[in-house]
Structures are given as C-alpha cells and as structure tokens.
1. Give the residues of the range 27-79 that are open to solvent by 80 Å² or more (accessible area, probe 1.4 Å) and touching a Ser or Thr at 6+ places or on another chain (Cβ under 9 Å), sorted by residue number.
2. Kindly indicate whether any position in the range 12-23 is touching a residue at least 60 places away in the same chain (Cβ under 8 Å), in a helix (DSSP H, G or I), surrounded by 12 or more Cβ atoms within 10 Å (Cβ to Cβ) and of a type in the set (S, T, N, Q).
3. Would you please name the residue that is nearest to the chain's Cα centre (by Cα), looking only at residues in the range 53-86 that are among the acidic types (D, E) and more than 19 Å from V7 (Cβ to Cβ)?
Amino acid sequence: MNKNILVSGYVLFLSGLVLFGLMHVAIALYVPHLGGWGDPPGKFVTVLNDIMGWVPYVLSVILMIAGAGILLDHLNKRIEQKENQQ
C-alpha cells in the first residue's frame, strides 16, 4: 500500500506538470492572435479568459500541489522511520 501511495503522488505531480506545460504552450500559441489587452490584468489573464483556460490551469496547479504533498509526506515518514531505527 505504501508503494501505491508513492506512485499516486508521482502520477498526480507529473500529470499536473504536463497539464501546466500544455497550458503554457496554448497560451504562447494564442498570444500572436491577441487583439488587445488591458494593463491591469495583462496578457496572461486576457489569454486565459479568451481561451477559457482557467479550469485546466488551476487544476494543473492543484494536481502538482497534491502530488508534491503526497511525496513530501512519504519522504517525512521515511526519515522518521530511519531515525526510529537508530
């Protein structure tokens, strides 16, 4: 079971990373077609609004945070086990 949790942490983190990268590729591809933008929100927010990319962008960040949290929790448990063995 411990290995399954570790694998799920890797899968969550990597899927979030891939989705994050794909969103940035989509943003970079859309910027040349951008008609105009306002200074307060900027190009990035304007593009995310135009391509309706807020949900996948936020989802990618959540997946990366969840995966990193699982991996860090697993790492802390391994460190505690090594300290208890000594």
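The values are calculated or read from the model by the stated rules, or taken from the named source; none is laboratory data. Every value quoted in this text rests on a predicted model; they were computed, and no experiment measured them. Reconstructed Cβ throughout: ideal geometry from the backbone, glycine too, with neighbour counts over all protein chains shown. Remember, those area values only see protein heavy atoms, side chains included, never the ligands or the DNA or RNA. Shrake-Rupley method; radii C 1.70, N 1.55, O 1.52, S 1.80 Å.
1. Answer for the range 27-79, where residues must be open to solvent by 80 Å² or more (accessible area, probe 1.4 Å) and touching a Ser or Thr at 6+ places or on another chain (Cβ under 9 Å): just W37.
2. If we filter the range 12-23 for residues that are touching a residue at least 60 places away in the same chain (Cβ under 8 Å), which is where we start, we get none.
No, there is no match, as no residue in the range 12-23 is touching a residue at least 60 places away in the same chain (Cβ under 8 Å), in a helix (DSSP H, G or I), surrounded by 12 or more Cβ atoms within 10 Å (Cβ to Cβ) and of a type in the set (S, T, N, Q).
3. Let us first name the residues in the range 53-86 that are among the acidic types (D, E), namely 73, 80, 83.
With more than 19 Å from V7 (Cβ to Cβ) added as a condition, the list becomes 80, 83.
Working: E80: 28, E83: 32 Å.
Per the criteria, the residue is E80.
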